Amino acid sequence: MPELIVALDYTDALDAFTMAGSLRHETRWVKVGLELFTREGPRVVQTLKGMGFKVMVDLKMFDIPNTVRGGVRAACWIGADLITLHLLGGERMIRAAVEEAAERAATGGERPLLFGVTVLTSMEPGDLPGYDGDIAGLAGELADGAAAWGLDGVVCSGFEARAIKSRHPNLLCLTPGIRPAGGGSDDQRRIMTPAKAVAEGSDFLVVGRPVTRADDPAAAARAIVREIAS
């Protein structure tokens, strides 16, 4: 069954831990992104792991192959269960990450899932510098690379998930930009409801503000999980 990942998009670790504590019985997964990780460091991931969560470390790594290899190694050391990388980094960069994760498993560690970012869900046609083509087509081409280079899945909008799944059935799709019916879009553009995203083939749904800013975050998360399962 598809799973909910709650994005702990906070600056302060205490706020993140307080929210995570209220969601302990609603979801197995939480996400630590760039702002929280940069401010608070690896201890955030390690503490959340100690609370019993699986942790998505969403740093969208994009650098020379050796640097990304080192980044994946460090993320493995702190217990990341899912790591994101930009597919625009190309084959050598992605393969370096995949090799590092495999080495982790070969030495007795737990191999994290590696997901390649296709096109950010905050982007619309015309937003990519130097590219005026179809965003869905670009996402599909990048997903071809993810499948060929050994990644577990891709980060894509719900609008691309069905086409990607039809080309690569074993490639997992992780979808940000999820908004319950009637919710605002914030800075996301290519948004979709939980039920629609699951129907389109998404395996993981990332939800932040509709849960963390709700009057009752646990109830909001519970409602999304019910919608996913229905």
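Observations, loosely collected:
- Region 15-64: number of residues that are on the phi > 0 side of the Ramachandran plot and either open to solvent by 50 Å² or more (accessible area, probe 1.4 Å) or of a type in the set (D, E, K, R) (or both): 2
- Scan of region 198-211 for residues that are touching a residue at least 60 places away in the same chain (Cβ under 8 Å) and in contact with a strand residue (DSSP E or B) (Cβ under 7 Å, 6 or more places away or on another chain), ordered by number: 202, 203, 204, 205, 206, 207, 208, 211
- Every residue from region 110-142 that is over 27 Å from residue 73 (Cα atoms), open to solvent by less than 70 Å² (accessible area, probe 1.4 Å) and not hydroxyl-bearing (Ser, Thr, Tyr): 123, 126, 128, 133, 135, 136, 137, 138, 140
- Residue match in region 166-182 (condition: open to solvent by less than 10 Å² (accessible area, probe 1.4 Å), in contact with a helix residue (DSSP H, G or I) (Cβ under 9 Å, 6 or more places away or on another chain) and in a helix (DSSP H, G or I)): no
- Comparison of 96, 75 shows that the only residue that is farther than 22 Å from residue 31 by Cβ, buried (at least 19 other Cβ atoms within 10 Å of the Cβ) and modelled with pLDDT of 95 or more is 96.
- One residue stands out in region 149-163 among those that are touching a residue at least 40 places away in the same chain (Cβ under 8 Å) and in a helix (DSSP H, G or I): the one that is most open to solvent (accessible area, probe 1.4 Å), namely 159.
The values are calculated or read from the model by the stated rules, or taken from the named source; none is laboratory data. This is a predicted model, so every value here is computed, not measured. When we count neighbours, we look across all protein chains shown, and the Cβ atoms used for this are built from the backbone with ideal geometry, even at glycine. The accessibility values were calculated without ligands, DNA or RNA, using every heavy atom of the protein model including side chains. Shrake-Rupley method; radii C 1.70, N 1.55, O 1.52, S 1.80 Å.
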